[in-house]
1. Work through the residues other than A86 whose Cβ is under 9 Å from its Cβ and net out their charges, Lys, Arg +1 and Asp, Glu -1.
2. Two decimals is fine: what's Rg over Rh for the stretch 167-254, C-alpha atoms, Kirkwood radius as Rh?
3. Gap in Å between the Cα centre of the stretch 245-290 and the Cα centre of the stretch 193-244?
4. Nearest 5 percent is fine: what portion of the DSSP beta bridges confined to the stretch 22-238 is antiparallel?
5. Let's test the formula: R0 of 45 Å, r as the Cβ-Cβ distance of E36 and D397. What FRET efficiency results, to the nearest 0.05?
6. Counting DSSP beta bridges in the chain, what percent are antiparallel, to the nearest 5?
7. Within a 10 angstrom radius of the beta carbon, how do S170, S386 rank from fewest other beta carbons to most?
8. State which entries of K115/K160; K372/K416; K171/K231; K329/K372; K115/K231 exceed 21 angstrom in Cα-Cα distance in the structure shown.
Amino acid sequence: MDRIRITGGGPLNGTIPISGAKNATLPLMIASLLTEETLILDNVPHLADVVQLQRILNNHGVDVMLSGKRAHTAENAGQTVKISAANIVDTTAPYELVSKMRASFWVLAPLLARKGEARVSLPGGCAIGTRPVDLLLMAMEKLGVNIEIEAGYVVARAPKGLQGGEINFSKVTVGGTHVALMAAALANGTTVIDNAAREPEVTDVADCLVKMGAKISGIGTSRLVIDGVAKLNGARHRVLPDRIEAGTYAFAVAMTGGDVLLEGARPDLLQSALDVLVEAGVKVTSSNEGIRIQRNGAGIAPVRVTTEPFPGFPTDLQAQLMALMTRAKGTSQITETIFENRFMHVQELARLGARISLDGQMATIEGVDKLKGAPVMATDLRASVSLVIAALAAEGDTYVNRVYHLDRGFERLEEKLGRCGAQIERLSS
Ligand code: EPZ
């Protein structure tokens with residue numbers, strides 16, 4: 001199994017191009033099931049999760065092509081992918097595929113909208129928590145879907161087609177909002193979604209659906225109103241830049257010191273994280289080119305942060321912030337409110353010399369002068385990359401195992417960091 005060796009200590013200087021957002025690409029690819037015409041997506045990152053979703057779509061009879069070639073043969077970044085779901089041949093999403101990637105559960109909505117039925121495996125728990133799908137199923141039921149659970153599968157039927165309805169989420173859910181939007185776009189009548197997620201990736205999907213002919217108002221707010229249409233058409237859409245990738249590299253530069261331009265990053269997508277960096281003593285400058293992160297000489301000031309739905313501080317940057325705070329001049333507190341089990345990185349950061357104590361959902365991090373390299377591994381991609389950030393500032397060599405987590409969500413990580421001076425190398429075994 002591959003691992004990554006990082007020899008820490010040096011600053012990062014240069015430019016890091018920011019890729020298209022993984023968490024927008026996945027639902028956008030799934031939205032292709034809503035139309036028999038071709039959906040063209042630009043700026044698609046080359047990631048293991050994207051390849052996996054392609055397999056899942058293939059299973060439904062969807063054709064995914066990259067500039068005339070099959071998408072998984074391409075090594076280049078920022079791909080253009082053409083997706084055609086002209087003929088949906090299978091409405092079952094099997095356990096073997098859904099259990100590998102939770103987002104694939106979202107095919108439920110477009111399959112129902114196009115075919116009136118779907119049989120989708122329940123995704124099960126994962127490393128960051130139980131992650132139920134009750135709210136997604138509630139949303140479908142509000143649109144007239146009959147749901148039964150049989151042998152670990154959600155069997156959903158809408159024999160009379162989807163009907164517009166009122167969906168009020170008791171908790172902000174990104175996946176719930178994605179499926180509600182997709183189903184409502186082709187439902188008969190008007191749907192109102194209250195307490196909708198406002199994450200930029202939801203907005204990106206809504207923008208794409210509008211290009212496909214959907215009638216959606218309130219995009220970017222917590223109340224979405226959708227007037228269903230009979231058919232959606234093909235469209236061309238550019239995936240928005242990955243705010244979590246940008247935030248991750250911003251925390252990395254804050255950790256090592258140096259001066260890096262995050263090319264193509266959009267400050268409006270991660271203002272809460274940039275505010276935390278400024279509070280920590282980092283210089284942040286935004287321009288048309290992207291976001292420039294500088295820390296030269298000054299130490300890292302401790303912060304108190306709570307994760308929240310957008311526009312609050314994202315849970316997907318919590319582990320990276322914690323890595324940074326291990327070197328702060330004082331004690332920081334980070335409270336995780338989105339997932340109940342998202343502190344798996346704590347014990348691994350401790351292996352590098354971090355001092356972190358946990359009390360329920362709150363972590364207290366006492367900054368230390370030095371981290372020291374060690375072998376580490378992580379259980380999800382954001383936790384893995386937090387170990388990379390810590391390793392970049394640790395003395396000596398750190399070996400990050402289970403690199404496949406990083407490959408799920410970070411495009412060309414070693415190359416991007418290496419070009420800015422990091423000593424980072426992938427070791428194949
Ligand atoms: C999306 O997951 C992202 N995944 C996650 O990114 C991200 O951490 C999360 O949103 C929160 O921002 C993708 O976009 C592919 P949720 P999702 O539904 O949609 C609870 C990463 O690292 N909930 O917004 O699955 C749930 O347990 C990943 O890239 C229910 O209780 O998250 C959680 O506590 C990890 N019932 C909260 O809501 C439900 O039916 C928010 O989850 C659904 C969710």
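Just so you know, all these numbers are worked out from the coordinates, no wet-lab data involved. Values in this document were obtained by computation on a predicted structure and should not be read as measured data. Quick reminder, even Gly has a Cβ in these numbers, built from the backbone with ideal geometry, and neighbours come from all protein chains shown.
1. On the way: positive: none; negative: E36, E37, D63.
Summing Lys/Arg as +1 and Asp/Glu as -1 gives -3.
2. Numbers: Rg = 14.5 Å, Rh = 13.8 Å.
On the Cα set of the stretch 167-254, Rg over Rh gives 1.05.
3. Taking the Cα centre of each part, the stretch 193-244 and the stretch 245-290 sit 27 Å apart.
4. Details: 30 of 40 bridges.
Among the beta bridges of the stretch 22-238, antiparallel pairing accounts for roughly 75 percent.
5. Details: r = 53 Å, r/R0 = 1.19.
With a Förster radius of 45 Å, E is 0.25.
6. Percentage antiparallel, nearest 5: 70.
7. Working: S170 10, S386 30.
Arranged by neighbour count, lowest to highest, S170, S386 become S170, S386.
8. Working: K115/K160 11 Å; K372/K416 23 Å; K171/K231 30 Å; K329/K372 17 Å; K115/K231 12 Å.
Too far apart for the 21 Å limit: K372/K416; K171/K231.
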